[in-house]
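So that we are looking at the same thing, I have put the structure below in structure tokens.
Every read-out reported here was derived from the displayed coordinates using simple, explicitly stated rules and does not represent laboratory data. No experiment lies behind these values; they were computed from the predicted model shown. Because the Cβ atoms are built from the backbone with ideal geometry, glycine has one as well, and the counts that use them run over all protein chains shown.
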Ligand SMILES: Cc1cc2nc3c(=O)[nH]c(=O)nc-3n(C[C@H](O)[C@H](O)[C@H](O)COP(=O)(O)O)c2cc1C
């Protein structure tokens, strides 16, 4: 395994892979790395679909517009921002806390209360009516109080979930690189058809990206990597 900084600096979006099998152990390691990423409220608002059988890959590749990384990858990872999982996740965390001696009754009650408030804050309600009311209320409060704005509309919620999903994706790509395999994140896909194929609901799910995973083809020559210089990227205050 490479060191993490080495994996970060060596990772490239690889466009052509050669056929290799990704072992179950390796699959588990890179998926584990993904779910160890930080997430807002530790809500882990995502679900990953790992596509490896030839039949499924052919369908998904077509929905990834036939892109070369998808065509040649050993596996395709579809990262989905998942709002449906939120209640079950906080319930599971609560059960986990109850099973551990480190958490006092008071801590558990605190978490229960926060989870309940979170559920109310994060609920856009039918036709987004509740979300619009919340937005108005928080906007007024913010006129005199320093405060963060919770996601109010469904669009805000997806934006919120996409941040944590993207961090998980980056963890996955770095872990893959450290283990000697390569990746290409892809936004070029037919989201409507791919969602339908996976049986997702537009109310709760949004595909964030598809990641092609495999071993870089020996014949593939990467273009030099360009980045803006630091002073064009960073403001130091
Ligand atoms: C969100 C996102 C979407 C991307 N979509 C595609 C894509 O659809 N097809 C593709 O070939 N590369 C895609 N890329 C890869 C970028 O083109 C690539 O990361 C960028 O050019 C920098 O190259 P490097 O990662 O090798 O440094 C995507 C990257 C990101 C982060």
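In vacuum, with every alpha carbon of region 127-170 counted as one equal point scatterer, what does the Debye formula give for log10 I(q)/I(0) at q = 0.18, 0.20, 0.31 Å⁻¹? Two decimals, please.
Results for region 127-170 at q = 0.18, 0.20, 0.31 Å⁻¹ read -0.61, -0.69, -1.01.
Could you give the angle, 0 to 90 degrees to the nearest 10, between helix 105-121's Cα long axis and the longest principal axis of the Cα atoms of the chain?
Helix 105-121 sits roughly 80 degrees off the main axis of the chain.
Tell me, how many Å apart are the Cα centres for region 50-94 and for region 162-202?
The two parts, judged by their Cα centres, are 6 Å apart.
Please arrange 9, 158 by counting, for each residue, the other beta carbons lying within 10 Å of its beta carbon, fewest first.
9, 158
With 10 angstrom as the radius, rank 65, 77 by how many other C-beta atoms surround their C-beta, starting from the fewest.
Result, fewest neighbours first: 65, 77.
Rounding to the nearest 10 and keeping the result within 0 to 90°, find how far the Cα-based axis of helix 154-178 lies from the longest principal axis of the chain.
Between helix and principal axis, roughly 40 degrees.
Provide Rg over Rh for region 191-237; use the alpha carbon set for both Rg and the Kirkwood Rh (inverse mean inverse pair distance).
So for region 191-237, dividing Rg by the Kirkwood Rh gives 1.22.
OK, next. Hey, what does the equivalent ellipsoid look like for region 1-141, semi-axes from the Cα gyration tensor as sqrt of 5 times each eigenvalue, largest first, whole Å?
Calculated on Cα positions only, the semi-axes equal 37, 23, 15 Å.
What is the calculated FRET efficiency for residue 138 to residue 105, with r their C-beta to C-beta distance and R₀ = 30 Å, to the nearest 0.05?
Approximately 0.40, to the nearest 0.05.
Right, another one. Take the Cβ-Cβ distance between residue 84 and residue 155 as r, set R0 to 22 Å, and report the resulting FRET efficiency rounded to the nearest 0.05.
Taking R0 as 22 Å, the efficiency between residue 84 and residue 155 is 0.85.
Summing -39500 (n - 2.57) over the DSSP H runs of n ≥ 4 in the chain and dividing by its residue number, what mean residue ellipticity at 222 nm do you reach, to the nearest 500 deg cm²/dmol?
Computed mean residue ellipticity for the chain: -15000 deg cm²/dmol.
Using only Cα atoms, tell me the angle between helix 129-144 and the longest principal axis of the chain; keep it within 0 to 90° and round to the nearest 10.
Approximately 70 degrees, to the nearest 10.
Moving on. Where Rh denotes the Kirkwood radius from the mean inverse Cα pair distance, what is Rg over Rh for region 87-139?
Answer for region 87-139: 1.15.
Find, to one decimal place in angstroms, the Kirkwood hydrodynamic radius of the chain, where the mean of 1/r is taken over every pair of different Cα atoms and then inverted.
20.1 Å
Suppose R0 equals 25 Å; then what is the FRET efficiency for residue 20 and residue 228 from their Cβ-Cβ distance, rounded to the nearest 0.05?
Once the sixth-power term is evaluated, E becomes 0.15.
Just the Kirkwood number for region 115-225, please: inverse of mean 1/r across all distinct Cα pairs, in Å, one decimal.
Computed over region 115-225, the radius equals 17.2 Å.
Hey, could you get me the Stokes-Einstein D for region 51-116, Kirkwood radius over alpha-carbon pairs, 37 °C and 0.692 mPa s, rounded to whole µm² s⁻¹?
Taking Rh from Cα pairs, D becomes 217 µm²/s.
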